[in-house]
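One structure below.
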Amino acid sequence: MGYIFFLGTDHEKINLYFPEMHDPSMEIIRVKWMPLHIPLKKPFKIALGTTTNYSGYILKICTARVCGYGEAVPSPKITGDTMESIEKAFRIFKPLLLGEEAHKIGWIMNKIYRAIPNNTAAKAAVDMALYDLVGSYWRVRVSDILGGEKEKVDTSVTIGITSIEDAVKQAIELTNLGARVLKVKIGLNPDEDIKRIKEIRNVTDARIRIDANQGYSLNQAIRVLKSIEKYNIEFAEQPLPKDRIDDLKTLRESVGVPIIADESVHNAKDVLKLIGKVDGINIKLMKSGGIYEALKMASIAKAAEMKIMVGCMVETKLGIAAGQNFALGIGADYADLDGYMDITRQPFIGLEFKDGGNIVEGERGLGVECRNISIC
Ligand SMILES: [Mg+2]
């Protein structure tokens, strides 16, 4: 019976038409969260800055019978969320969640979206926890609730900005570990970047995608992409500053490498602005505020014949599992879901890298299990 709510039922009148549908066993009775800090295996450098630690929040939402987990990871330069703002947002969300029926995800998320602007990482944690809870209760994978379009999708594994020598070494290691797609971070030095891609292409047959994280000017981007076209580049992610939408279109028309927007696209409204300007979009749940909004983004992108990539921040296997379930559910073209590989401890288990892609082991909800942290 609850399926009707996944179709976007967010209207109060539904209870007039289906008065018998109130399900007391789905009532949210507990909302808890905890901060989490985990060192990275090595510093992760991109054109926007360098990270050495994972910090985030795990959120737990429970009914009397079952609980679901969600994750919020702050990216101050991308979404504006900080650890402090996530904690404050959760305090605002908690009374809005208590007493609601967990399966009315559209109804609940609209309340959450209306309560405060921005804070998309905190909103994503609520959304993920609800999908996890409902999937666990119904004994079904979230990917199947969302459409079950695919069974598997390759994920890229990222090489951060480092010396060319080290980047080449990592490319060899990752290819040997079974990575079929490498995502190479660039964007700080055009000449070095051209050389970097050439050298990496020399040592691997893996698919190569690149990500400049807004690092280039239009002229630099044209020069770099034209120089590396011959190395068979799958696509280039966000070569230009996020607000240069018309320049993205000029770039797309000037080079032979497909262009994917990342920092330029957070939500469904942003996708509308990019139609005809880029070849595809990178959907991240931390940017969209969760799966519910991401579904709208995917619908618009599909109708506009844009490619869909599902990406991530540095996240635990929980956030990555949510991205993976979403990517499989909607049949995403590309996945970049490697964020958990960088952290030194795994507070969630049940997701592994195998044959070029992530495999989610659990059969219910998001399919991962909480381990060894106090909130479990
Ligand atoms: Mg990116």
Exercise for the section: Could you list, in sequence order, all residues of the stretch 254-272 that are within 16 Å of the ligand (Cβ to nearest atom) and farther than 27 Å from Pro117 by Cβ? Expected result: Val257, Pro258, Ile259
Exercise for the section: Tell me which of these Ile194 doesn't satisfy, since it passes every other one: (1) within 23 Å of Tyr334 (Cα to Cα); (2) touching a Ser or Thr at 6+ places or on another chain (Cβ under 8 Å); (3) in contact (Cβ under 8 Å) with a residue 24 or more places away in the chain. Expected result: (1)
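Suppose the filter is more than 16 Å from the ligand (Cβ to nearest atom), in contact (Cβ under 8 Å) with a residue 40 or more places away in the chain, part of a loop (DSSP other than H, G, I, E, B) and at positive phi; does Gly187 pass it?
Numbers: more than 16 Å from the ligand (Cβ to nearest atom): no; in contact (Cβ under 8 Å) with a residue 40 or more places away in the chain: yes; part of a loop (DSSP other than H, G, I, E, B): yes; at positive phi: yes.
Answer is no for this residue.
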Exercise for the section: Kindly indicate whether any position in the stretch 28-39 is in a loop (DSSP other than H, G, I, E, B) and modelled with pLDDT under 95. Expected result: no
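For the structure I just gave you, tell me whether Leu182 is under 21 Å from the mean Cα position of the chain (by Cα), within 16 Å of the ligand (Cβ to nearest atom) and within 22 Å of Asp336 (Cα to Cα).
yes
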Practice task
State whether the residues of the stretch 129-149 include one that is within 19 Å of Met297 (Cβ to Cβ), in a loop (DSSP other than H, G, I, E, B) and charged (D, E, K, R).
Solution key: yes
Problem - Residue check for Lys226: closer than 26 Å to Ile275 by Cβ, more than 14 Å from the ligand (Cβ to nearest atom) and over 24 Å from the mean Cα position of the chain (by Cα) - result: yes
Exercise for the section: Note down all Cβ pairs under 7 Å where the first residue falls in the stretch 216-231 and is assigned by TED's automatic domain parsing to the domain that holds Glu199, the second is surrounded by fewer than 14 Cβ atoms within 10 Å (Cβ to Cβ) and not in a helix (DSSP H, G or I), and they're at least six residues apart or on different chains. Expected result: Glu229/Gly256
Problem - Which numbered condition Lys77 misses (of (1) surrounded by 15 or more Cβ atoms within 10 Å (Cβ to Cβ); (2) under 19 Å from the mean Cα position of the chain (by Cα); (3) of a type in the set (D, E, K, R)) - result: (1)
Exercise for the section: Answer yes or no as to whether Leu251 is over 19 Å from the mean Cα position of the chain (by Cα), within 14 Å of the ligand (Cβ to nearest atom), crowded, with 22+ Cβ neighbours inside 10 Å and closer than 21 Å to Ile308 by Cα. Expected result: no
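The values are calculated or read from the model by the stated rules, or taken from the named source; none is laboratory data. Predicted model only: the values in this text are computed from it and were never measured. We place every Cβ from the backbone using ideal geometry, glycine too, and count neighbours over all the protein chains shown.
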